[in-house]
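Q: Quick one: the structure is below, and I'll ask about it shortly.
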Ligand SMILES: Cc1cc2nc3c(=O)[nH]c(=O)nc-3n(C[C@H](O)[C@H](O)[C@H](O)COP(=O)(O)OP(=O)(O)OC[C@H]3O[C@@H](n4cnc5c(N)ncnc54)[C@H](O)[C@@H]3O)c2cc1C
């Protein structure tokens, strides 16, 4: 028989299969040899008290042979001769998962990606980190796999559509991710593993007859009778199709400009802006695990913080335990930071975005940008802050930075701690660089976070500016029912750039949602 059980174990017990089997036997009143194995269904850590517990929900095999976990199966069709074709612009999570779903439905996807394949992309990242030279088509945001390829690969989302989330996680496992992501409460993949998974997805798409084209930057839409007839790429090619999925992410400012110039409806929207904070990982471990050192059975600790300050939410975002701060800009003259971690999260630093929500009223009232009806007003504000940060850093993607307590006191730090950010840091007063309302909220927020997590508010932490690409400053509207653009009938805006997702899983889910709708329409 199989029996579902919930167990509370010490971390050392949870890591030891025989200890888990012993507990199953004790809990079910069976002999140890009756327990042939178990599948973990859910795993989480409870670190609220001095003794840390691992909560496991599992399916135990008792008095019957154990069999391996079954991974969801997927049926991808041969679409090489399919009549219906959809052009997908952008090969981020939204575009990739849309392509896989179209193939499963017998529709041929043609992916146009402005950047390079994951391997070639890696060389451009090295040049950016070591020499401070950016390739505007191939960087941490642009290229195969999109912005999520060289990330921590955290796979959680605030969405509660469990069925859809499970499907996305199972697809990641099919293409090479560890099965643990299916049951961990905070699954992540890691920068070292994601590129292989993305390559396997591409292989599946092309094996089935889908097309995957690199260095194909879309620069124009040819519109006729409220429909896109074809798109043009920077190399002079043109691609037609029945429908077009626009999954270009939130950093494709040229796409937003193009849509606006073509008088295709877009809207300004609020976005989050702030900084990235880096602490020694050992300090975060000691705070979260209530002990001087973590011990071998616990993962590097993470945190999640939120506080209302001056009627504005200040919150941590995309925390990367054992991670690295990365230069995530897409153009010269702009400074953007983000974070990533390898699968083992074994770097000595813990970084996290720390952002505040910026709304249209803030930009109108408190900034120099005054244009009333410009749908790109928030994007221009975001870009202006990034440019100010680049200038304050002194060039070559050196980032302006300050120690945490100094930041809140408004004192320029006389020195900065060691930091994982490879292009380097320049000590400045960030009060002079960030918009006043963002600075004020963060400065108070850090002090409040120090009360919630004693030890967090410290000059051993460094504040690096600016974290500005956590969400899109533009929405590309779509009809609630058809998911098509209200004006251009065969254009399907999708993913984070269109304003319908925030993160890898939700972008993938949105890609699937749009593709599924399209497959039904085209059938
Ligand atoms: C360093 C870093 C770390 C991150 N860490 C995490 C994390 O751990 N967990 C998480 O959930 N999220 C993370 N994110 C955010 C996550 O990557 C995004 O939410 C997600 O990738 C959005 O998916 P998307 O497909 O909508 O857009 P994107 O991933 O931005 O993909 C858009 C694609 O479109 C292409 N494109 C743009 N313009 C054009 C054009 N004109 N023609 C052709 N192609 C074009 C781009 O090159 C890109 O490949 C991270 C982001 C970064 C930068």
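Q: What are the residues in region 106-150 that are closer than 15 Å to residue 324 by Cα and more than 9 Å from the ligand (Cβ to nearest atom), if any?
A: 125, 126, 128, 129, 130
Q: Still on this structure: All but one of (1) buried (at least 16 other Cβ atoms within 10 Å of the Cβ); (2) out of contact with any helix residue (DSSP H, G or I) (no Cβ under 8 Å at 6 or more places or on another chain) hold for residue 240; which doesn't?
A: Single failed check for residue 240: (1).
Q: Can you find even one residue in region 151-171 that is in a helix (DSSP H, G or I), within 7 Å of the ligand (Cβ to nearest atom) and touching a helix residue (DSSP H, G or I) at 6+ places or on another chain (Cβ under 9 Å)?
A: For region 151-171, residues in a helix (DSSP H, G or I), within 7 Å of the ligand (Cβ to nearest atom) and touching a helix residue (DSSP H, G or I) at 6+ places or on another chain (Cβ under 9 Å): absent.
Q: OK, next. Only residues that are surrounded by fewer than 14 Cβ atoms within 10 Å (Cβ to Cβ) and over 18 Å from residue 182 (Cβ atoms): list them for region 28-53, please.
A: Answer for region 28-53, where residues must be surrounded by fewer than 14 Cβ atoms within 10 Å (Cβ to Cβ) and over 18 Å from residue 182 (Cβ atoms): 29, 31, 32, 33, 46, 48, 49, 50, 51.
Q: Still on this structure, please answer the following. Just to be sure before I move on: is residue 434 in a loop (DSSP other than H, G, I, E, B), surrounded by 22 or more Cβ atoms within 10 Å (Cβ to Cβ) and in contact with a helix residue (DSSP H, G or I) (Cβ under 8 Å, 6 or more places away or on another chain) in the structure I sent?
A: Answer is yes for this residue.
Q: Right, residue 260: assigned by TED's automatic domain parsing to the domain that holds residue 91, more than 12 Å from the ligand (Cβ to nearest atom) and outside any strand (DSSP E or B) or not? Even if it seems obvious, please write down each step before you answer.
A: Numbers: assigned by TED's automatic domain parsing to the domain that holds residue 91: yes; more than 12 Å from the ligand (Cβ to nearest atom): yes; outside any strand (DSSP E or B): yes.
Criteria met by residue 260.
Q: What do you reckon, is residue 256 within 22 Å of residue 80 (Cα to Cα) and either free of Cβ contacts under 8 Å to residues at least 60 places away in the same chain or buried (at least 18 other Cβ atoms within 10 Å of the Cβ) (or both)?
A: Against the criterion (within 22 Å of residue 80 (Cα to Cα) and either free of Cβ contacts under 8 Å to residues at least 60 places away in the same chain or buried (at least 18 other Cβ atoms within 10 Å of the Cβ) (or both)), residue 256 does not qualify.
Q: Quick check on this structure: which one of 355, 385, 363 is in a helix (DSSP H, G or I), in contact (Cβ under 8 Å) with a residue 40 or more places away in the chain and crowded, with 16+ Cβ neighbours inside 10 Å?
A: Result: 385 is the single residue among 355, 385, 363 that is in a helix (DSSP H, G or I), in contact (Cβ under 8 Å) with a residue 40 or more places away in the chain and crowded, with 16+ Cβ neighbours inside 10 Å.
Q: Taking the condition out of contact with any strand residue (DSSP E or B) (no Cβ under 8 Å at 6 or more places or on another chain) and away from the ligand (no atom under 16 Å from the Cβ), does residue 51 pass?
A: Taking the combined requirement at face value, the residue satisfies it.
Q: Select, from 519, 498, 465, the only residue that is over 30 Å from residue 423 (Cβ atoms) and within 16 Å of the ligand (Cβ to nearest atom).
A: 498
Q: Taking region 388-416 as the search range and keeping residues that are touching a residue at least 60 places away in the same chain (Cβ under 8 Å) and part of a loop (DSSP other than H, G, I, E, B), which one is nearest to residue 256 (Cα to Cα)?
A: Going through the qualifying residues, I end up with 397.
Q: All but one of (1) within 11 Å of the ligand (Cβ to nearest atom); (2) surrounded by fewer than 24 Cβ atoms within 10 Å (Cβ to Cβ) hold for residue 337; which doesn't?
A: Condition (2) is where residue 337 drops out.
Q: When both residues are 6+ apart or on different chains and their Cβ atoms are under 9 Å apart, which pairs have a first residue that lies in region 418-447 and is assigned by TED's automatic domain parsing to the domain that holds residue 392 and on the phi > 0 side of the Ramachandran plot, and a second that is crowded, with 19+ Cβ neighbours inside 10 Å and assigned to a helix (DSSP H, G or I)?
A: 424/393
Q: Just wondering, is there one or more residues in region 92-105 that are within 30 Å of residue 323 (Cα to Cα) and assigned to a loop (DSSP other than H, G, I, E, B)?
A: yes
Q: Additional query: Please enumerate the residues belonging to region 501-523 that are surrounded by 23 or more Cβ atoms within 10 Å (Cβ to Cβ) and touching a strand residue (DSSP E or B) at 6+ places or on another chain (Cβ under 9 Å).
A: Hits for region 501-523 are 503, 504, 505, 511, 514, 515, 518.
Q: Would region 191-198 turn up any residue that is away from the ligand (no atom under 16 Å from the Cβ) and free of Cβ contacts under 8 Å to residues at least 40 places away in the same chain?
A: Yes, that holds for at least one residue.
Q: For residue 99, all conditions in the list (1) surrounded by 14 or more Cβ atoms within 10 Å (Cβ to Cβ); (2) outside the structural domain of residue 507 (by TED's automatic domain parsing) hold save one; what is the number of the exception?
A: Among (1) surrounded by 14 or more Cβ atoms within 10 Å (Cβ to Cβ); (2) outside the structural domain of residue 507 (by TED's automatic domain parsing), residue 99 violates only (2).
Q: While we're on this one: Among (1) within 22 Å of residue 144 (Cα to Cα); (2) buried (at least 18 other Cβ atoms within 10 Å of the Cβ); (3) away from the ligand (no atom under 15 Å from the Cβ), where does residue 285 come up short?
A: Every listed condition holds for residue 285 apart from (1).
Q: If you don't mind, another one. Does residue 88 count as more than 16 Å from the ligand (Cβ to nearest atom) and either outside any loop (DSSP other than H, G, I, E, B) or in contact with a strand residue (DSSP E or B) (Cβ under 6 Å, 6 or more places away or on another chain) (or both)?
A: Spelling it out, it is not the case that residue 88 is more than 16 Å from the ligand (Cβ to nearest atom) and either outside any loop (DSSP other than H, G, I, E, B) or in contact with a strand residue (DSSP E or B) (Cβ under 6 Å, 6 or more places away or on another chain) (or both).
The values are calculated or read from the model by the stated rules, or taken from the named source; none is laboratory data. What you see is a predicted model; the values in this text were computed from it and never measured. With ideal geometry, Cβ positions are generated from the backbone for all residues, glycine too; neighbour counts draw on all protein chains shown.
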